[in-house]
């Protein structure tokens, strides 16, 4: 069946971006949140993003109105019953996600494809609580969703070839480039990225170089758009630590283990840009490295 109506569960940072790109691609979108306030905040992010596009001449006022007209918000998962595909983008917690899928599995048609935006949890483990494991995939978008071209399309051992092909086609229809991954913790990108980021933290701990010099070394020496410690602040140190814990639990290899410095920074509330401080202090322009981390 062709996808006409898209459901998105969660209208936070990732969910709002996913809802936006789906509406921009011409799909009717129903996005749900647990409260009216969170829903209003998420839809407001989309409106603000499009408004900036209009100001910069990248989006016409007509296009903005057209995209917003395709978006419908709700606080009830039951209202996603008529969707052809539902993309879940709620908090990265296995129990919370499973509760969502149990409700969706009850109210959605048997033909509806379920997709999770998880970056680290098992697609097989999520699909197991539904009666449609053959129509369950991972669709891992990257932040910021409207700008990042990549989507990891993840296939579990139970995903049918038909559903996997539909998911790949759907990702392409959003103007994204899909890459195929099997259901291994971290998929492709985080499997390679997380050990690199954790090694950068270990380099700080071991006095290999300063925060600024490690970032400059990788930016100028390897052509990266930003250094690993700047990237950690952007992603969120708390998010990285959570993903690393999941990956270490799966593989039991030191390269996936959160370094002590990362744990201490998370405990201290130094989560990066979202809290104003991480490896850098964002109350200053330009941001300056935070002193006294080790």
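Laboratory data are not the source of any read-out in this text; all were calculated from the coordinates shown. Only a predicted model underlies this, so the values are computations on that prediction, with no experimental measurement involved. Here the Cβ positions follow ideal geometry from the backbone for every residue, glycine too, while neighbour counts run over all protein chains shown.
Quick notes on this one:
- Once C-alpha pairs closer than 8 Å and six or more residues apart are averaged by separation and normalised to the residue number of segment 191-288, the relative contact order reads 26 percent.
- Against the chain, whose longest principal axis comes from its Cα atoms, helix 36-55 is set at around 80 degrees.
- Förster-model FRET efficiency, 45 Å R0, residue 177 and residue 74, C-beta, rounded to 0.05: 0.90
- Relative contact order of segment 1-66: 29 percent, from C-alpha pairs under 8 Å at least 6 residues apart in sequence.
- Among (1) 1.16; (2) 0.95; (3) 1.04, the entry derived from the coordinates for Cα Rg over 2.2 N^0.38 Å: (3)
- Separation between Cα centres of segment 187-212 and segment 1-32, rounded to whole Å: 34 Å
- Semi-axes of the equivalent ellipsoid of segment 1-71 are 19, 16, 8 Å, computed as sqrt(5λ) over the eigenvalues of the C-alpha gyration tensor in descending order.
- Cα shape, segment 191-288, gyration tensor, a/c 1.5 rule: oblate
- Length-normalised contact order of the chain in % [C-alpha pairs under 8 Å, at least 6 apart]: 13 percent
- When you work out D = kT/(6 pi eta Rh) for segment 212-267 at 10 °C and 1.306 mPa s, using the Kirkwood radius from C-alpha pairs as Rh and the Stokes-Einstein form, the result is 131 µm²/s.
- Segment 133-168 and segment 222-294 have Cα centres spaced 27 Å apart.
- The length gained on full extension between residue 4 and residue 288, counted as 0.36 nm times the residue separation minus their Cα-Cα distance, comes to 97.5 nm.
- Compared with the direct C-alpha span, the chain from residue 51 to residue 81 gains 7.7 nm at full extension, assuming 0.36 nm per residue.
- For the chain, modelled as a GNM whose springs connect Cα atoms under 10 angstrom apart, the maximal fluctuation among 62, 152, 162 occurs at 62.
- Think of it as helices only: each DSSP H run of n ≥ 4 in the chain is worth -39500 (n - 2.57), and spread over all residues that comes to -14000 deg cm²/dmol at 222 nm.
- For the peptides 103-111, 215-223, 187-195, residues were scored by their other Cβ atoms within 10 Å and the scores averaged per peptide; the highest-first order is 187-195, 103-111, 215-223.
- Along each principal axis, Cα extent of segment 1-140, largest first, Å: 46, 30, 25
- Degrees, to the nearest 10: 237-251 long Cα axis against longest axis of the chain: 80 degrees
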